[in-house]
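Taking it in order: structure first as structure tokens, then the write-up.
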Amino acid sequence: MPMLSADPSFRLLAICSCVLVLESLVLAAIAPAKRAKHKGFMNPEDGKVSFGDARMVEGAEHPETARVLRAHRNLLESLPLFFGLGLVYVLAGAPVLGAQICFIGFTAARVVHAFVYLHALQPWRTIAYALGSFCLIGMIVMILRAVLMG
Amino acid sequence: MPMLSADPSFRLLAICSCVLVLESLVLAAIAPAKRAKHKGFMNPEDGKVSFGDARMVEGAEHPETARVLRAHRNLLESLPLFFGLGLVYVLAGAPVLGAQICFIGFTAARVVHAFVYLHALQPWRTIAYALGSFCLIGMIVMILRAVLMG
Amino acid sequence: MPMLSADPSFRLLAICSCVLVLESLVLAAIAPAKRAKHKGFMNPEDGKVSFGDARMVEGAEHPETARVLRAHRNLLESLPLFFGLGLVYVLAGAPVLGAQICFIGFTAARVVHAFVYLHALQPWRTIAYALGSFCLIGMIVMILRAVLMG
């Protein structure tokens, strides 16, 4: 089967997917770092490994850790939607221009979203979230056009 | 590369994916609406933006908001499984009839699941969840058949 | 369109995807079983259906149930990353050897991760998590090579 590595929409999807997975791995690494800093943890076995003492609070997250977890979860909730629609978009042969707007728009919106979430900046977080959602809706419109109207 | 927009399984997957992403975006929009109604919020900066007063409870969700969040999370937990298997199913060239049963069955089950979750209707929620899982298991069986037995 | 069922990377991705979805369905089934055992539940309507009495605690999870939920959530957070990158990897025509290492490595790491999480075994849980993340990073490197350097 001829591969897609020359298809411009696919190449863009590949790069955006890599950026978003990296962003997710970074957020996933920040949470335990915050947890260690604030000496909190969620699993009894983690306390022994990490510090070897009993001064830590089990089962309660420090507000800063909880904020990172919320930002991470919000990203993770949006990624399956983007990956699922993105691959369908490319395989449906939907317009390249739409891919450029929606793929780059979604990726930029999600990177900004995590940054402003961690820095508690409103209304920017809501704006970034809305922009990401609009990109997903744009992808839906163009997928349905490509699939239903050929 | 010839695109898949004429493949019947792919077209069905594309439409089901769009329905499920829209369902997820709708549930994601209901949660903040409930939160605003019950004057609760999770982030200190949200309280200032939304209402400008201090009557709200931070960090605790109203039971109605929490219910929407659980319904949303349950959907989000199932979507990656469907998107991942669905694309593999189509690209493996597994039977169209199986795609029609499992893709439509899963999508219908998940729309019903959110509805009955929000209305607290048991045992319908468990039935809808089980039906969705059976569709995923059906997809697994047909993917393994297509890939292993050619 | 010629299907991918003869492509070795795709076949491996298909099998690994099926294993990971099955693992997720098993973890999803363990949580309610633990909940029933410890007579806890999260939704008022579940109490009536399951037991018909009022001895259960609503809204609080038993530590054992909470542990299963954390293991399940951790798996679910990693699956979209693997499915998204895995399909992009295959469609980009990235090397088969890399697919064998990263797809099998990720799948094995995530199965081990759930097992050691449920048995509270540290530092194995952190090691399994890190191995899974390294496989994702390996996939990113090879996707970018295939897409950017052709």
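The values are calculated or read from the model by the stated rules, or taken from the named source; none is laboratory data. Computed from a predicted structure; not experimentally measured. Please note: Cβ atoms are built from the backbone with ideal geometry, for glycine as well, and neighbour counts cover all protein chains shown. What goes into the accessible areas is simple: the full protein's heavy atoms, side chains included, and nothing from ligands, DNA or RNA. Shrake-Rupley method; radii C 1.70, N 1.55, O 1.52, S 1.80 Å.
When each of B:Val141, B:Val116 is tested for being modelled with pLDDT of 90 or more, open to solvent by 30 Å² or more (accessible area, probe 1.4 Å) and part of a helix (DSSP H, G or I), the lone residue that passes is B:Val141.
When A:Ala128 is tested against (1) outside any helix (DSSP H, G or I); (2) in contact with a His (Cβ under 9 Å, 6 or more places away or on another chain), only condition (1) is not met. Filtering B:Ala130, B:Ala146, B:Ala71 for residues that are small (Gly, Ala, Ser) and surrounded by fewer than 17 Cβ atoms within 10 Å (Cβ to Cβ) leaves a single hit, B:Ala130. Selection of first residues in the stretch C:1-21 that are at the interface with chain B (Cβ under 7 Å from one of its Cβ atoms) and in contact (Cβ under 8 Å) with a residue 40 or more places away in the chain and of second residues that are assigned to a loop (DSSP other than H, G, I, E, B) and open to solvent by less than 10 Å² (accessible area, probe 1.4 Å), restricted to Cβ pairs under 6 Å at least 6 apart or on distinct chains, gives the following pairs, ordered by first then second residue: C:Phe10/C:Leu4.
Checking each residue in the stretch A:91-113 for being buried (at least 18 other Cβ atoms within 10 Å of the Cβ) and in a loop (DSSP other than H, G, I, E, B) picks out A:Ala92, A:Gly93, A:Ala94. Considering A:Val49, A:Val26, the condition of being among the aliphatic types (A, V, I, L, M), in a helix (DSSP H, G or I) and modelled with pLDDT under 65 is satisfied by A:Val49 alone. Listed conditions (1) modelled with pLDDT of 85 or more; (2) surrounded by 16 or more Cβ atoms within 10 Å (Cβ to Cβ) are all met by C:Asn43, apart from (1).
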